[in-house]
Amino acid sequence: MTAPDTLRSTASAPDAARRTPPPRPLLLHPAVKPLLFVAGLLPLAMLIAGAATDRLGANPAEALIHGTGQWALRFLCLTLAVSPLRRALHQPALLRLRRMLGLFTFFYAALHLLAYGWLDMGLVAADIARDIAKRPFILVGFAAFVLMLPLAATSFNRAIRALGGRRWQALHRLVYAVAALALLHFFWKSAGKHHYGEVSVYAAVIAALLAERLWRWAQARRAQRPPVRIHVPL
């Protein structure tokens, strides 16, 4: 190779590097959302398979009601964890998964309510209404589901554009009330059987996630405060 050829090859190396696109983050891969969708349906598939093969224990109806409620709470924790994990791991692409996780939360909560109304109350509307009014833990759980309805209905881009970003964010802060009510619902149900171990884990996770949000809110408020000026008399 001659000297001019060597100079040309070395000069073209940076150009080739600039032309090569950077590697795509793994979370931006087109297969991530379909894989998450399939993973989100696996708990339902396991519950259905357990019911079909008589592997849900002595009370399969209670196992289905409890199982769907558990998965609703788990997906709620995952949804709340997206933003803190995005900041901690420096992975902004995690945000593209939050909507699907939130919709799976609503999906399993709806299945939980359906399983209760069908397997426990026989889909008799009057009996369901009386039971909701009579038992506080069911009333609290039903209130959490009602608050989830506008969140699920406005989880799409058209709703965000219609509401505007600020109003949409204000509406979706209801998720914190949903988390508190869902946790209270689970606690009251567990208290009847003196089973506090599992609910304590969920309480610790949700408390840590909400504490992180409150800390960041306090930091943002502190940063917005104007500096205090002290006037010293001459």
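The values are calculated or read from the model by the stated rules, or taken from the named source; none is laboratory data. For clarity, every value in this text was computed on a predicted model and none was experimentally measured. For neighbour counting, all protein chains shown are included, and Cβ atoms are generated from backbone atoms with ideal geometry for every residue, glycine included. With ligands, DNA and RNA removed, areas are computed over all heavy atoms of the protein, side chains included. Shrake-Rupley method; radii C 1.70, N 1.55, O 1.52, S 1.80 Å.
One table, with the values for the structure above:
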read-out	value
Positive minus negative residues near M121 (Lys, Arg vs Asp, Glu; Cβ under 11 Å)	-2
Angle in degrees between helix 3-19 and the longest Cα principal axis of the chain, rounded to the nearest 10	30
The chain, helix-only ellipticity at 222 nm - DSSP H runs n ≥ 4, -39,500 (n - 2.57), divided by all residues, nearest 500	-25000 deg cm²/dmol
Net charge of neighbours whose Cβ lies under 11 Å from the Cβ of P84, counting Lys and Arg as +1 and Asp and Glu as -1	+3
Reachable lysines, given that their alpha-carbon falls under 18 Å from the alpha-carbon of K134 and they are not under 8 places away in the same chain	K189
Protein accessible area in the chain, 1.4 Å probe - carbon and sulfur %	69
For segment 51-134, the fraction of alpha-carbon pairs in successive 5 Å shells from zero, as %	3, 14, 17, 16, 15, 12, 9, 7, 5, 2, 0
Residue-normalised accessible area of the chain, expressed per residue, 1.4 Å probe, Å²	67
Separation of alpha-carbon centers, segment 174-189 and segment 32-67, rounded to whole Å	22
Calculated on alpha-carbon atoms, Rg and Dmax of segment 79-234 in Å	20.2, 83
